[in-house]
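Input: a single structure, listed below in structure tokens.
None of the figures in this text is laboratory data; all of them are computed from the coordinates on show. What you see is a predicted model; the values in this text were computed from it and never measured. Note: ideal-geometry Cβ built from the backbone for every residue, glycine included; neighbour counts use all protein chains shown.
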Amino acid sequence: MTAMNAHVIVVAGAGPAGMAVAGTLAKAGHEVIILNRDIKFGGLAEYGIFPSKLKLRGGLRKQYWELLEQPNVHYLGNVTIGNGKDLTVEDVRGLGASAVVFTIGAQGTKAIGTEGDSAKGVYHAKDVVYHFNRLPGFGDRPFDMGKHVAVIGAGDVMVDIAHWLVRYKKVERVTAIVRRGPVERKYNPKEIRAVCNNMDLEGIRKEFDRIKDRMAAVGQKADEVFKGLTGEFTKCEPKVSETKMGFQFLASPKRILVDGHNRVRGLEMEDNRLDPKGEDTVAVGLKQYYEFPCDAVVFAVGDKVDETVGLPYKGGIFVTNPNKTGNDPDDALFQAYDEAAGKVVEGVFLAGWARKASEGLVGVAKRDGDWCAEVVERYLATKSAGNPTKVVLDRLHTLLKSRQSHPIDVKGLRKLEAAEKAHTGESDCIGEFKYASNRDMISLIERGRA
Ligand SMILES: Cc1cc2nc3c(=O)[nH]c(=O)nc-3n(C[C@H](O)[C@H](O)[C@H](O)COP(=O)(O)OP(=O)(O)OC[C@H]3O[C@@H](n4cnc5c(N)ncnc54)[C@H](O)[C@@H]3O)c2cc1C
């Protein structure tokens, strides 16, 4: 890459996908400006992955620091893009960069659509995860879980929530509410180790007995499946609470039941049966309802993108180009597309969970970012070199100043990291100390600055 054909690219979002895009493009010799809502980089690698997974998080952090130390990478945290935020999508497009890649994750919550879902004690899993990972805005907000918590879902996020409830909140009971049966559980058996010493084996056996005929109707043998499910309860982490964890299968919450103070007292549940669907099964409601008592409900059913950002949006996702044409037909998958205008949004790309909400682990988001960077490179190869970096950065800083924004650069991040590492006082954090508010972080960073 010669200076002649180097470009400036803005990457919005510094999670695993954004860092992959930035890494590949920086390595190819381009100048990359990363804008991130959170002060810290990492996205869900910092604020989603369970806080006690120090090795995984530490490894990613190290890798991301190395990228941010590159002279052609310019990081600004605490910059949110969206209507009424620090910068609009149009502001970012108007900075004069050759391309803009949105890797802002899936920040919207799926409408739960259950009557009573605004009751006290009803939470979305992402908010709870952000809370125990101390994302500013969530870290110091109270999450009152009561004694018995129903977690809706059967994936790894359900297990992470259970992990927190069993090992840190030490509630009396956690029940995973699963629309289909035990065969269709989605969590990784390794993840269940965090909670398997707290499994209510007797209760789970009874639950299998309750649903065994409905399993048999689709050729599933309850006894074998029970052995398989409980057989995964090995290498369990030492027990630290008396919490009992169980499952409620073939169950769809229809309504949240509340007391006189609009506080959760239970769920109205519909019993489901399983019908075959090709190799798979589907849940079909039986119109038989029952009350399931609980004190809090956490919906761990996946996320959607944030439609208020200002990118073309439809049905929970940002719209990408449906017309597979151009250099490589798959390039279209990453191009933002304006349906009303019937054309791609010139120079705007999407990757990671912003492209496919709740899809896969860090490795998947990283691969998506790498792939997107290749698509962007093919796009840039058709363009003559754009504006010099200084021009784009000056415009950016002028705009942020006029908006009275408070961007945090790598120097500020270093200071923050050093202070958090050195922190020895009282802390209710899991794993390692983190400041829970932007205000605290900013005042620490600014301390001693002229
Ligand atoms: C609860 C939970 C647990 C998980 N545990 C694991 C695990 O143990 N192992 C594993 O490999 N994977 C795990 N994952 C999956 C992994 O975190 C994701 O695959 C990955 O983080 C997605 O990367 P991303 O970059 O697309 O989005 P994100 O990680 O969500 O990053 C988005 C970034 O965009 C920024 N942003 C958001 N909105 C804006 C905006 N409007 N303007 C500017 N910036 C914005 C955010 O600040 C953030 O930095 C977990 C996910 C969850 C939800």
What list of ³J(HN,Hα) couplings, whole Hz, do you get for the stretch 31-40 from phi and the Karplus terms 6.51, -1.76, 1.60, once you set θ to phi - 60° and write x for glycine and proline? 9, 10, 10, 9, 10, 9, 4, 7, 4, 8
Y168 paired with K55, simple spin-label distance in nm, labels 7 Å along Cα-to-beta-carbon: 2.0
Length-normalised contact order of the chain, Cα under 8 Å, at least 6 apart, in percent, tallies to 23
Taking the Cβ of K206 as the centre, find all other residues whose Cβ is under 12 Å away and add up their charges (Lys, Arg: +1; Asp, Glu: -1). -1
Within a Gaussian network of the chain (alpha carbon springs, distance under 10 Å), most fluctuating of R355, R185, R403: R403
Grab the Cα-Cα distance for T424 and D330, subtract it from 0.36 nm times how many residues apart they are, and report the gain in nm with one decimal. 28.8 nm
Radius 13 Å from Cβ of G113, net charge of other residues (Lys, Arg +1; Asp, Glu -1): +2
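Rounded, prolate or oblate for the stretch 111-301? Axes are the square roots of the Cα gyration tensor eigenvalues, ordered a ≥ b ≥ c, and the cut-off for rounded is a/c under 1.5.
It is oblate, given that a/c is not under 1.5 and a/b is not larger than b/c.
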Using a 10 angstrom cutoff on alpha carbons, build the Gaussian network for the chain and name the most mobile of E224, E207, E90. E224
Quick one: among I256, I152, I204, which has the greatest mean-square fluctuation in a GNM of the chain with alpha-carbon springs under 10 angstrom? I204
Can you tell me the alpha carbon radius of gyration of the stretch 151-260 divided by the globular rule-of-thumb value 2.2 N^0.38 Å? 1.06
Find how many whole Å separate the alpha carbon centroid of the stretch 82-126 from the alpha carbon centroid of the stretch 20-39. 20
At the level of C-alpha centres, the distance separating the stretch 215-236 and the stretch 397-424, in angstrom, is 50
For a quick check: with amide H placed at 1.01 Å from N, whose amide H comes under 5 Å from L257's, ignoring anything fewer than 5 positions away on the same chain? R265, G266, L267, E268
Under-5 Å amide H pairs with L250, H placed in peptide plane, nonlocal only: V178, R180, G181
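What is the gain in length, in nm to one decimal, between V364 and K186 on full extension, counting 0.36 nm per residue of separation less the C-alpha to C-alpha distance?
Here the answer is 62.4 nm.
Taking a 27 Å limit on the Cα-Cα distance, which of the listed pairs K147/K421; K186/K304; K239/K415; K314/K343; K85/K411 fall beyond it?
K147/K421; K239/K415
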Rounded D (µm²/s) - the chain, Kirkwood Rh over Cα pairs, Stokes-Einstein at 37 °C, 0.692 mPa s: 138
If each K or R counts +1 and each D or E counts -1, the residues other than L311 whose Cβ falls under 15 Å of its Cβ total +1
Using alpha-carbon pairs under 8 Å, 6+ residues apart, how would you state the relative contact order of the stretch 254-402 in percent? 13
